[in-house]
């Protein structure tokens with residue numbers, strides 16, 4: 001032991017020892033310091049390198065709001081697209097336009113008028129007479145109808161699922177089309193510059209100056225005057241919302257391309273004779289994908305609100321086909337709003353959940369893809 005201590009005393013300082021020799025010393029059981037020889041043990045140090053994708057995912061899942069938003073979106077997709085087949089497995093067979101024509105006893109109400117302090121007051125009151133009818137409308141929530149039925153005897157819960165398909169499909173398809181159109185026009189404008197940039201950006205300025213919602217209302221009225229069938233209106237809505245929604249993406253892409261086209265690797269592409277389209281779409285556009293993903297995610301909520309607004313105003317998906325906005329618009333009369341909240345509150349909550357979920361995910365992606373973030 002004395003010989004071992006002498007060796008430790010005469011040893012070189014830790015800072016003068018190479019990293020390989022430092023790793024050959026270990027503290028065993030907190031009792032004595034043992035020096036290991038090269039022929040006794042071979043130690044290797046491994047460093048785990050994080051790819052950019054893994055770094056983004058790691059930052060994203062550290063944010064609680066981002067995880068909450070992702071859970072909300074996944075739950076909505078499961079509810080809308082897997083809900084009907086799962087319901088059939090458990091015997092819940094109501095479809096989007098199925099009407100419950102079971103004979104039931106209905107108690108009807110009527111408006112009554114009376115005076116209070118000399119003023120006439122109108123009130124909706126139920127009569128105490130029951131009549132057997134062949135339409136089970138305004139049914140209360142039960143095991144047969146989880147959220148009851150609407151004025152036409154259709155199951156509210158089933159229509160919520162099918163309405164979610166419409167709203168979510170429109171949102172995703174329109175966002176993808178807007179992004180593709182914006183990337184093409186913005187990429188061409190930013191790369192070539194000159195008169196091409198001037199012409200394309202003036203078109204973008206004109207679209208940005210025109211209010212979107214009034215244009216959508218006018219276009220919806222025109223579609224209605226053409227007598228387009230109910231389910232086909234969804235495709236016209238997608239096209240109209242794409243035409244008026246790509247300008248923001250094009251301006252963002254153009255600004256990024258103006259900066260990236262001066263980088264060294266683009267100059268190298270020019271020297272190597274790589275075609276222009278390949279420089280734009282294979283070298284420039286991939287470098288702005290983080291910004292595009294964040295823009296697409298944040299834009300989904302706005303598109304769902306636009307669709308719900310048009311459906312609420314009666315210019316979206318027509319009755320009897322289901323959409324969340326259409327379900328709310330069919331419940332705007334005072335009687336339904338006051339006495340049948342199960343017809344409009346669930347649809348409103350689903351719209352809120354969808355918009356909040358996409359906004360939470362968009363905020364999380366924006367923070368996760370920030371290269372200056374340290375966490």
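The values are calculated or read from the model by the stated rules, or taken from the named source; none is laboratory data. What you see is a predicted model, and the numbers here were worked out from it, not measured in a lab. Reconstructed Cβ throughout: ideal geometry from the backbone, glycine too, with neighbour counts over all protein chains shown.
The table for this structure:
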| quantity | calculated |
| --- | --- |
| Unique residue being in contact with a helix residue (DSSP H, G or I) (Cβ under 8 Å, 6 or more places away or on another chain), closer than 25 Å to residue 164 by Cα and in contact (Cβ under 8 Å) with a residue 24 or more places away in the chain when the list is 176, 288, 257 | 176 |
| Residue 49 vs. criteria at pLDDT below 50, more than 25 Å from residue 354 (Cβ to Cβ) and exposed (fewer than 14 other Cβ atoms within 10 Å of the Cβ) | no |
| One residue from 153, 171 being modelled with pLDDT under 90 and either surrounded by fewer than 17 Cβ atoms within 10 Å (Cβ to Cβ) or more than 25 Å from residue 235 (Cα to Cα) (or both) | 153 |
| Residue within region 268-275 that is assigned to a helix (DSSP H, G or I) and within 29 Å of the chain's Cα centre (by Cα) present | no |
| Residue match in region 225-235 (condition: at pLDDT 85 or above, on the phi < 0 side of the Ramachandran plot and over 27 Å from the mean Cα position of the chain (by Cα)) | no |
| Per-region count, region 311-335, residues part of a helix (DSSP H, G or I) and in contact with a helix residue (DSSP H, G or I) (Cβ under 6 Å, 6 or more places away or on another chain) | 8 |
| Checking residue 245 against (1) crowded, with 18+ Cβ neighbours inside 10 Å; (2) assigned to a helix (DSSP H, G or I), the condition it does not meet | (2) |
| Options 223, 218: the member that is in contact (Cβ under 8 Å) with a residue 12 or more places away in the chain and either closer than 18 Å to residue 183 by Cα or assigned by TED's automatic domain parsing to the domain that holds residue 306 (or both) | 223 |
